[in-house]
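K.L.:
First, the structure itself, so that you have it in front of you.
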Amino acid sequence: MRFISTRGKESVTGAEAVVRGSAGDGGLFVPEFFPAVSAEEIEQLCAMDYPERAAFLLSKYFDEYDGEELLSACREAYAKFEGGDAAPLLRMDNGMYMLELFHGPTCAFKDIALTLMPYLLKKGCEIAGVKENILILTATSGDTGKAALEGFREREGVKICVFYPEEGVSKIQKLQMCTTEGDNVNVVAVRGNFDDCQKAVKAIMNSPEKREEIAKKGYLLSSANSINIGRLLPQVVYYFSAYCDLLTSDQIKAGDKVNFAVPTGNFGNILAGYYAKRMGLPVGTLVCASNKNCALTDFFKSGSYNVKRPLFKTMSPSMDIVVSSNLERLIFELSGRDTELTATRMRSLAETEKYSLRAEEVKEMQSMFYAGCTNESDTVECIYDFFMDYGYPMDTHTGVAMSVASRYEAMIEEDKDAEKRPMVVLSTASPYKFPQDILYALTGNDVKDSYKGIKRIHLLTAMKVPEPLKEIRYKTPRFKTVVSCGKIYDEVLKFIN
Ligand SMILES: *Cc1c(COP(=O)(O)O)cnc(C)c1O
């Protein structure tokens, strides 16, 4: 399988796509075509465990990787998840399903891809004949950073530098990142918001001069953000896995369509659902849920993407994003894979902060996606109600998805002609990752200390506190550097010198 750039004629192998992170023309790598998964294959997947499902699906894309080795890498990655299943599906008493993706080492869904990525990258270097060390630059709204640090710390031949918005992540997220051990890691706070961080990191990635300067020091630049196809494709697996779990528990019949509600920031998670659909999974509507940062909601309603707007800080910091990187991959598909049009639109986004789709593209997009946003008080209400009614505590990001999913369900309920389908809500983080906000949502009480919050939530819900969050209490933060956006590149150079 070859991977092509959304903006040009570049074509590389899967190994090269993972190693390089993004294309030289500023575009993102996408598969040359979507490998089909037949109904028979879905049936086969049902008999497999999660690592086998992952290896089966990923080998359709990464066909130059050895199949057996890929399977053992998947086994190793998903053995790091508590409870023995990387993506358990729970049935709620309101008839919806929760797909829990947060049982990995850092308690958020980013672990699904980032526990596997070190293998994809290391093997990718071997296959592509890359001899240099790899320097991974990552902008994070909180969860990617820690998941990438955990995945890559103490890996030979790799250095990783993470940039996060100083005021834009939760206390626990900050602690998680700043207590990471290992000689090959660096964590830097940036004065600005996530969009500023992401833009600055992308500017380094896309600058031939800076790449050259970094290459002179013996490093090849790569990314652990979802612009990297190695981040995106492992996320396709849990959509299939959830579908199989619905089949094997007789909740649906083969071929039935299933809806998914996804709390969305950089559009990576939900795009993986779109990829699953293109591969042949019977996906119904993809519900794109946003918090108060609703650029995507407006885009799905109007067909115009306008990012000239303020970025709000919310209780769901990992979704506090205005410019969603992976939208480029969707508009590339909607345009009929027109690289010139995609490049023009991305240029327009950079220069005028907006672009618009054609009417037929908007129609197609709206036939697959439903987008909605929700405010802080509705999210709190939803988390509270759900715990009171069904005894299930969810995190703030999942709360956004549930809030929008409930609204969607109510709309379908009213519509006599609409087809009723099962709804799977992607639960992307442990509630213990945002203890103050969750305690507030569940009880109305404010606590200053995160650990006090964790303790209270535990007393209230009897939900197990994840081991990784217990441990960081006893670790001292190592990283204290704070820089302005303009100084990000200097920090990179300091780190590799
Ligand atoms: C990253 C993240 C999201 C958003 O996912 P995208 O792929 O950026 O759309 C949602 N919830 C949590 C907890 C996250 O960490």
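The values are calculated or read from the model by the stated rules, or taken from the named source; none is laboratory data. Computed from a predicted structure; not experimentally measured. Positions of Cβ are backbone-derived with ideal geometry, glycine not excepted, and every protein chain shown enters the neighbour counts.
K.L.:
Within the set of pairs 6 or more residues apart or between chains, which connect a residue that is over 21 Å from residue 381 (Cβ atoms) inside the range 401-429 to a residue that is part of a strand (DSSP E or B) and among the β-branched types (Val, Ile, Thr) with Cβ atoms less than 9 Å apart?
P.N.:
Sorted first by the residue in the range 401-429, then by its partner, the pairs are 421/258; 421/285; 422/258; 424/258.
K.L.:
Tally up the residues in the range 304-337 that are within 13 Å of the ligand (Cβ to nearest atom) and not β-branched (Val, Ile, Thr), please.
P.N.:
Count: 12.
K.L.:
Is there a residue being touching a residue at least 60 places away in the same chain (Cβ under 8 Å) and over 18 Å from residue 479 (Cβ atoms) anywhere in the range 134-157?
P.N.:
Yes - at least one qualifying residue is present in the range 134-157.
K.L.:
Here is a further query. For the range 104-197, list the helices (runs of 4 or more DSSP H) that sit wholly inside it and hold at least 3 residues that are closer than 29 Å to residue 212 by Cα and away from the ligand (no atom under 15 Å from the Cβ); which are they?
P.N.:
117-128
K.L.:
Can you name every residue in the range 33-62 that is exposed (fewer than 13 other Cβ atoms within 10 Å of the Cβ) and within 24 Å of the chain's Cα centre (by Cα)?
P.N.:
Residues satisfying the conditions are 33, 36.
K.L.:
Modelled with pLDDT of 95 or more and surrounded by fewer than 20 Cβ atoms within 10 Å (Cβ to Cβ): which single residue out of 249, 207 fits that description?
P.N.:
Answer to the selection: 249.
K.L.:
Residue 310 - would you say it is of a type outside the set (Phe, Trp, Tyr), more than 22 Å from residue 242 (Cα to Cα) and modelled with pLDDT under 95?
P.N.:
The answer is no for residue 310.
K.L.:
Also, I was wondering about something else. Out of all the residues in the range 255-265, is one or more of a type in the set (Lys, Arg), within 16 Å of the ligand (Cβ to nearest atom) and touching a strand residue (DSSP E or B) at 6+ places or on another chain (Cβ under 9 Å)?
P.N.:
no
K.L.:
In the range 243-268, how many residues are in a helix (DSSP H, G or I) and closer than 17 Å to residue 88 by Cβ?
P.N.:
Summing the residues that are in a helix (DSSP H, G or I) and closer than 17 Å to residue 88 by Cβ in the range 243-268 gives 6.
K.L.:
Looking only at the range 366-386, how many residues end up being within 14 Å of the ligand (Cβ to nearest atom), part of a helix (DSSP H, G or I) and of a type outside the set (S, T, N, Q)?
P.N.:
Counting residues in the range 366-386 that are within 14 Å of the ligand (Cβ to nearest atom), part of a helix (DSSP H, G or I) and of a type outside the set (S, T, N, Q) gives 1.
K.L.:
Follow-up. Is one or more of the residues making up the range 239-249 within 16 Å of the ligand (Cβ to nearest atom) and either free of Cβ contacts under 8 Å to residues at least 40 places away in the same chain or touching a Leu at 6+ places or on another chain (Cβ under 8 Å) (or both)?
P.N.:
yes
K.L.:
Give the residues of the range 387-435 that are in a strand (DSSP E or B) and within 16 Å of the chain's Cα centre (by Cα), sorted by residue number.
P.N.:
Within the range 387-435, 425, 426, 427, 429 meet the criteria.
K.L.:
Among residues belonging to the range 271-314 that are part of a strand (DSSP E or B), among the small types (Gly, Ala, Ser) and under 22 Å from residue 199 (Cα atoms), point out the one that is farthest from the chain's Cα centre (by Cα).
P.N.:
Out of the qualifying residues, it is 304.
K.L.:
Can you name the condition, by its number, that residue 420 falls short on among (1) more than 16 Å from the ligand (Cβ to nearest atom); (2) at pLDDT 95 or above; (3) in contact with an Asp or Glu (Cβ under 9 Å, 6 or more places away or on another chain)?
P.N.:
(2)
K.L.:
Within the set of pairs 6 or more residues apart or between chains, which connect a residue that is on the phi > 0 side of the Ramachandran plot inside the range 255-280 to a residue that is within 8 Å of the ligand (Cβ to nearest atom) with Cβ atoms less than 7 Å apart?
P.N.:
These pairs meet every condition: 267/324; 267/326.
K.L.:
Can you find a residue in the range 347-357 that is assigned to a loop (DSSP other than H, G, I, E, B), more than 24 Å from the chain's Cα centre (by Cα) and buried (at least 18 other Cβ atoms within 10 Å of the Cβ)?
P.N.:
yes
K.L.:
Just to be sure I understand, how many residues within the range 252-266 are crowded, with 24+ Cβ neighbours inside 10 Å and acidic (Asp, Glu)?
P.N.:
Final tally of qualifying residues: 0.
K.L.:
In addition: Would you please name the residue that is nearest to residue 369 (Cα to Cα), looking only at residues in the range 432-467 that are free of Cβ contacts under 8 Å to residues at least 40 places away in the same chain and surrounded by 20 or more Cβ atoms within 10 Å (Cβ to Cβ)?
P.N.:
That would be 439.
K.L.:
Being assigned to a loop (DSSP other than H, G, I, E, B) and within 22 Å of residue 29 (Cβ to Cβ): is that true of residue 226 here?
P.N.:
Yes: the conditions hold for residue 226.
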